[in-house]
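The values are calculated or read from the model by the stated rules, or taken from the named source; none is laboratory data. Quick caveat: nothing in here was measured; it's all calculated off a predicted structure. Here the Cβ positions follow ideal geometry from the backbone for every residue, glycine too, while neighbour counts run over all protein chains shown.
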Amino acid sequence: GDFVEIWNNVFMGYQRKAGREPGQFEYLEMKQKNVDTGMGVERAVAVLDGYSDVYRIDSIWELVETVMNVLKVPEGDFEEFYQDHKKSLRILVDHLRAATFILGDERGVTPSNLDQGYILRRLIRRAVRHAKKLEIPQDVCISSYLGKATIDLMSGSYPELERNRKFIIDELFKEEEKFEKTLERGLKEFEKLERVTGQDAFMLFSTYGFPLELTEELSEDKGLKIDKLAFAEEFKKHQDLSRKGGEKRFKGGLGDDSEMSKKYHTATHLLHQALKEVLGDHVEQKGSNITAERLRFDFSHPEKLTDEEKQKVEELVNQKISEALPITIEELTVDEAKASGAIGLFSDRYGDKVKVYSMGEYSKEICGGPHVKNTKDLGKFKIKKEKASSSGVRRIKAILE
């Protein structure tokens, strides 16, 4: 018969470590054994409502019906259509609902090829592919359409969704529009393949923006398999080439270790905090490049800054410079740093201990340095240019006079 998992227990007794050969592992018994237990609240509701399918509960089924209404399925045919297209409907609703909540989070994650941003991109792009399978009309952006429906349905319990409505809808629209431009060409390229090598999968990833999971799914539909190890090797080659391009750079994106570069690096901390205060907590550093002549700072934000916003940011940075804030440093564990309120960037690169730089009570960031000793040493801060860097990311170039 059919079974539905509503609660599970995971008994953790061994740690898996990579062996000497790819794909080989060794298992070490843990001193501290644990039991991890979890029960999804929506699964509990499904059981209490007498359903064996969690997608039947009100908070999800309404979104399923939204998709069927877009497709103009007669209400009397909903059940038959759902049974015939269950996989695509579930993926579409589940992934875009999740994407809406990620975008609604105050940390301001946006679709990208890095870290949390890539998880978000994969969710949206897999959903878009299944929208195509369902033959959603081309004049409907299903990502933003379901995003609106999710906000309308859930914002009573999650007010941050309503607060960030415009940002969520804009990002969903932009990501679907971006992927639509390459999806059709990528699918045509895939159809030409009689087998899918790791190199082919990487080509689809790098040229057409196909996440590996999407290529795997397409391959399964054709009865093909992907060599994941070969894909990983191609991906590593790509990463190595990217790293070589940045070998000459110093810590924190510095082009050199001159005194002027230290000043510009220090100014990025003030700029980062000022952007958060003027634009909102969704602002997050996405990259920086420092030379002795200027700073370049990339940050998450969905739209062009107004002249008034740029002026406010500039004035705030100069105010903190004039306040002559002392710059202090302390070494903490990552957990201690986060507990202290420090902003953490590029967390996958942290060691056991991190340096935390504070500029008075105004700014506190995990950073490798180097910096000047007091904000009064910086001079006058001036924004020279603000423009788009990539989807959902803005770029500021500024100088110190």
Of the residues in region 66-101, those that are of a type in the set (A, V, I, L, M, F, W, C), free of Cβ contacts under 8 Å to residues at least 24 places away in the same chain and under 18 Å from VAL128 (Cα atoms) number 1
| query | Is region 120-135 home to any residue that is part of a helix (DSSP H, G or I), surrounded by 15 or more Cβ atoms within 10 Å (Cβ to Cβ), modelled with pLDDT of 95 or more and of a type in the set (D, E, K, R)? | reply | no
In the set ARG165, ARG125, the lone residue that is of a type in the set (Lys, Arg) and touching a Pro at 6+ places or on another chain (Cβ under 7 Å) is ARG125
In region 259-301, anything surrounded by 18 or more Cβ atoms within 10 Å (Cβ to Cβ) and among the aliphatic types (A, V, I, L, M) is listed as ALA267, LEU270, LEU271, ALA274, LEU275, VAL278, LEU279, VAL283, ILE290, LEU295
Worksheet entry | Selection status of VAL109, in a loop (DSSP other than H, G, I, E, B), of a type in the set (Val, Ile, Thr) and farther than 18 Å from GLU177 by Cβ | yes
Residue count, region 366-399, condition more than 30 Å from LEU172 (Cβ to Cβ), in a strand (DSSP E or B) and modelled with pLDDT of 90 or more, comes to 6
Exception for PHE81 within (1) of a type outside the set (A, V, I, L, M); (2) over 31 Å from the mean Cα position of the chain (by Cα); (3) surrounded by 11 or more Cβ atoms within 10 Å (Cβ to Cβ); (4) outside the structural domain of LEU212 (by TED's automatic domain parsing) falls at (4)
Check your understanding: Hey, does region 6-15 have a residue that's among the hydrophobic types (A, V, I, L, M, F, W, C), closer than 17 Å to ALA131 by Cα and in contact (Cβ under 8 Å) with a residue 24 or more places away in the chain?
Key -> no
Among residues of region 302-324 being touching a Lys or Arg at 6+ places or on another chain (Cβ under 8 Å) and of a type in the set (A, V, I, L, M, F, W, C), the residue surrounded by the most Cβ atoms within 10 Å (Cβ to Cβ) is ILE321
For region 156-209 the number of residues that are on the phi < 0 side of the Ramachandran plot, touching a Phe, Trp or Tyr at 6+ places or on another chain (Cβ under 9 Å), outside any helix (DSSP H, G or I) and not hydrophobic (A, V, I, L, M, F, W, C) is 2
When restricted to LEU92, LEU120, the only residue touching a Pro at 6+ places or on another chain (Cβ under 6 Å) and either of a type in the set (A, V, I, L, M, F, W, C) or assigned by TED's automatic domain parsing to the domain that holds ILE151 (or both) is LEU120
Of the residues in region 160-173, those that are touching a helix residue (DSSP H, G or I) at 6+ places or on another chain (Cβ under 9 Å) and either surrounded by fewer than 19 Cβ atoms within 10 Å (Cβ to Cβ) or not assigned by TED's automatic domain parsing to the domain that holds HIS95 (or both) number 6
